[in-house]
Amino acid sequence: MLNYAIINRVIFKTEVSESMVVYNINLGIGWASSGVEYAQAYRAELLRKINQPAKFIFTDLILNENIETFTKNIGFEDNEIIWLYQFFTDIKIAPSTYPLHKIEEKLKNKNYSKNRVDSSITYTLENDKRKIVCHFRDPEKDHIDRVEYYYDNSLMKREFYSYTCYAAEHLRNVNGQMRVYLRRFYNEDGTVAYEQLVDDKTELYRLPDQIFYSKLEFFEYFLKKLNLTAEDTVIMDRATDIGPVILRNYQPAKLVSVVHADHFAESSTTEDNILWNNFYEYEFDNADKFAAIISSTDAQTNLLREQFDKYTDKKPNLVTIPVGSLDKLRYPDHERNHYSLITASRLASEKHVDWLVEAVVQAKKEVPALTFDIYGQGGERQKLVELINKYQAQDYITLKGHRDLTEAYKNYDAYIAASTSEGFGLSLMEAVGSGLAMVGFDVRYGNQTFIDNEKNGYLLPYKVGMEREQVIESLRQAIVNLFKDNRIEKMHDNSYELAKNYLSENVQEMWAKLLSWK
C-alpha cells in the first residue's frame, strides 16, 4: 500500500508492505523500564503511522505482574505483544479483569473469614490450615491478577490472571525454603498448554508433542514457529544469551540490530584493537549477517563506520534512525515556572542524580527561587531521599516518581542531566521538543546531539576520574549562569529549532525507507 508523509512541506511517497511483519526482540520489561523499552514504544507508534504491522517479543519470565500492565503502561497495544511464555497457549495478552467473586465461587469450604487490606484480601478457612490471598489489579472493580494459596502458613501455589488464569506456580519445601518446582501455562478452557519443570540448576519444558531441556531450546522452537518469511524483518533490541539462536533461525527474513548505548570501551581500545561493548560484540562479530545496524545519532553511526573500517574487514550497512520522535512541538499554555529545573531517568547510580541534588543545593544560594523536580524510579531512590533530607531541601527538590511527562516538560525552564554516557537520550529529545534550555556533560552521544553549547544550553567538560567536587561545581555554575545571564528565553527558541529534526513525519520516513529494502 502507499503511505504519504509530509516532510518540510515536501511530499514523499513511501511504500510499506502489509504482508511484512517487523518482529522486535527484547528480554524483559517492568515499571522502571530502560531506554530500550521506551525506544521500542516510540518505534511502535511510528510503525503504526506508516501502517506497518509489528510485533514486540519479550522473552523473560515475568510473573510478578501481568506483563500487559507493563506493556500498556509504556504505550504498546495488546495485539502488538508476543510473550514467549504465552505464545504456546491460546490466551491473549490482555489486562487483568478477572473478578474476585469467581475466586469465592470456587472455594469449596464456604466457612471463611475475610480481611481486606489495601490491594489484597485474605480468606482464612475455618477448621482448616489453608489461607488464600488475592491481590488486586483494580481494587475498585475487584479485579485480581494474582492468587496465593497457603497451607499451614507455607506458600504452596500461585495463580496468575488476566481475563482468565494463564499460569500457575507450584512450590515445595527444599531445605526449609518453599521453592517453585513446576509452572503450568493454560489455555482459555483451563486445559494445560505446557509445563515448565524447574530446580536449582535445570529447567525442562514439556509441550504436548515436544520436550526441551533448556530455555534456549524452547526459544529456538518458538522462533521456528513464527514461520518467518522473506518479507519479514527481525530487529534485535536485546540479544543477551539468545543472539546465536536468532542468527541460526532468522532466515529467510531480514535481520537488523539496534545499538542503544555506547558500543565500545574507549579506555580499553588501542590503535590495533577495539573492545566492543559486550552487549553488541556478538552482533558486530557477525555484522555481515545483518541487513542493517541502526544507531540513533549520526555521531555514533560515523564513529562506528570509522571503527569497522579500521579494526575489521566488514562493511555493514550502518544507518541512523532516531530511537524516538516528537509528534509535535509543545509550547506552554501559560508562563513557565520560572527558575525551575527537571530531570527524568531511571534512578540508577550511572545517572548520577545525586550530583544534581548537590549542585542544586549549592546553586540555590545564588538563585533563591530555584526548584528541582526529579522524575523516575529505581534503586537509588532511598539514597536520594536521604541526601535531600540531609540538606533539608524538601521544599525545593522533589522526587516525583514515574509519570507520563509528555505535557509536563513545557512547564519548566530547563532540563539538567548528569549521565556520563547516553546513547540517545529520549528525555533529552522530549525536553528540547518542549523548548527547555539544556545542561549536561560533553559526552557521547545524546548530550552532544541535543545540547548546542551556548545556544540552547551548556555542554560541560567531563573526563573519567574528575573529582566529584569539581563535577558538582561545574553543574552548579551552569545552573547559576542559566538564570543570571538573561538568555534563557533565547535558549528556549533554539531548542525548538533543534527539535524540528525529530518530528515524527521525518522519522517515519526513515523507517519506511529502511523497510522498503530497495
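The values are calculated or read from the model by the stated rules, or taken from the named source; none is laboratory data. Only a predicted model underlies this, so the values are computations on that prediction, with no experimental measurement involved. Using ideal geometry, Cβ is built from the backbone for each residue, glycine included, and neighbour counts are taken over all protein chains shown. Just the protein is used for accessible areas: all its heavy atoms, side chains included, with ligands, DNA and RNA removed. Shrake-Rupley method; radii C 1.70, N 1.55, O 1.52, S 1.80 Å.
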Scan segment 218-243 residue by residue and report those that are over 30 Å from residue 420 (Cβ atoms), without any contact (Cβ under 8 Å) to a residue 60 or more places away in the chain and in contact with a Phe, Trp or Tyr (Cβ under 7 Å, 6 or more places away or on another chain). 221
Consider residue 469 carefully, then state whether it is modelled with pLDDT of 95 or more, of a type in the set (Asp, Glu) and within 25 Å of residue 340 (Cβ to Cβ). no
Per the filter on segment 41-77, residues part of a helix (DSSP H, G or I) and of a type in the set (A, V, I, L, M, F, W, C) are 41, 44, 46, 47, 67, 70, 74
Residues in segment 42-71 that are open to solvent by 20 Å² or more (accessible area, probe 1.4 Å) and within 25 Å of residue 20 (Cβ to Cβ) total 7
Do we have any residue at all in segment 5-28 that's under 30 Å from residue 142 (Cβ atoms), at pLDDT below 95 and hydroxyl-bearing (Ser, Thr, Tyr)? no
Return the residues of segment 390-443 that are hydrophobic (A, V, I, L, M, F, W, C) and closer than 15 Å to residue 493 by Cα; say none if nothing qualifies. 414, 429, 431, 432, 436, 437, 438
Quick test of your reading of the structure: residue 443 fulfils all but one of (1) modelled with pLDDT of 95 or more; (2) within 27 Å of the chain's Cα centre (by Cα); (3) of a type outside the set (Phe, Trp, Tyr); (4) more than 13 Å from residue 344 (Cβ to Cβ). Name the failing condition by number. (1)
For segment 292-306, what are the residues that are open to solvent by 50 Å² or more (accessible area, probe 1.4 Å) and of a type in the set (S, T, N, Q)? 302
Write out, first by first residue and then by second, each pair whose Cβ atoms fall under 6 Å of each other, whose residues are 6+ apart or on separate chains, and whose first residue, in segment 426-440, is touching a residue at least 24 places away in the same chain (Cβ under 8 Å) while the second is among the charged types (D, E, K, R). 434/330; 434/410
Give the number of residues within segment 248-269 that are surrounded by fewer than 13 Cβ atoms within 10 Å (Cβ to Cβ) and either hydrophobic (A, V, I, L, M, F, W, C) or in contact (Cβ under 8 Å) with a residue 24 or more places away in the chain (or both). 4
Take the residues of segment 95-104 that are under 16 Å from residue 69 (Cα atoms) and buried (at least 18 other Cβ atoms within 10 Å of the Cβ): which is nearest to the chain's Cα centre (by Cα)? 96
Within segment 420-440, the residues that are over 23 Å from the mean Cα position of the chain (by Cα) and of a type outside the set (A, V, I, L, M) are 435
Say we look at segment 358-406 and pick out the residues that are part of a strand (DSSP E or B) and of a type in the set (A, V, I, L, M, F, W, C); which of these is surrounded by the fewest Cβ atoms within 10 Å (Cβ to Cβ)? 399
Of the residues 329, 304, only one is under 26 Å from residue 502 (Cα atoms), more than 21 Å from the chain's Cα centre (by Cα), part of a helix (DSSP H, G or I) and not charged (D, E, K, R); which? 304
Within segment 231-244, residues surrounded by fewer than 18 Cβ atoms within 10 Å (Cβ to Cβ) and either in contact with a strand residue (DSSP E or B) (Cβ under 6 Å, 6 or more places away or on another chain) or among the hydroxyl-bearing types (Ser, Thr, Tyr) (or both) come out as 240
Checking residue 319 against (1) over 22 Å from the mean Cα position of the chain (by Cα); (2) surrounded by fewer than 18 Cβ atoms within 10 Å (Cβ to Cβ); (3) modelled with pLDDT of 95 or more; (4) not basic (Lys, Arg), the condition it does not meet: (1)
So, first residue free of Cβ contacts under 8 Å to residues at least 24 places away in the same chain in segment 360-385, second residue in a strand (DSSP E or B) and of a type outside the set (Gly, Ala, Ser), Cβ within less than 7 Å, six or more apart or across chains; the pairs are 385/399
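From the list 272, 288, exactly one residue is of a type outside the set (Val, Ile, Thr), in a helix (DSSP H, G or I), open to solvent by 70 Å² or more (accessible area, probe 1.4 Å) and at negative phi. Which is it?
Working: 272 fails: in a helix (DSSP H, G or I).
Going through 272, 288 in turn, the sole match is 288.
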How many of the residues making up segment 213-251 are within 16 Å of residue 281 (Cβ to Cβ) and of a type in the set (Gly, Ala, Ser)? 2
Is there a residue in segment 493-508 that is basic (Lys, Arg) and under 20 Å from residue 359 (Cα atoms)? no
Taking the condition of being under 21 Å from residue 338 (Cα atoms) and over 19 Å from the mean Cα position of the chain (by Cα), how many residues in segment 381-413 meet it? 14
Pairs with Cβ under 6 Å, 6+ apart, first in segment 109-135 and within 16 Å of residue 156 (Cβ to Cβ) and at pLDDT below 85, second in a strand (DSSP E or B) and open to solvent by less than 40 Å² (accessible area, probe 1.4 Å): 109/125
Among the residues of segment 39-47, is any at pLDDT below 95, among the aromatic types (Phe, Trp, Tyr) and under 23 Å from residue 295 (Cα atoms)? yes
Please go through segment 408-427 and pick out each residue that is assigned to a helix (DSSP H, G or I) and buried (at least 24 other Cβ atoms within 10 Å of the Cβ). 427
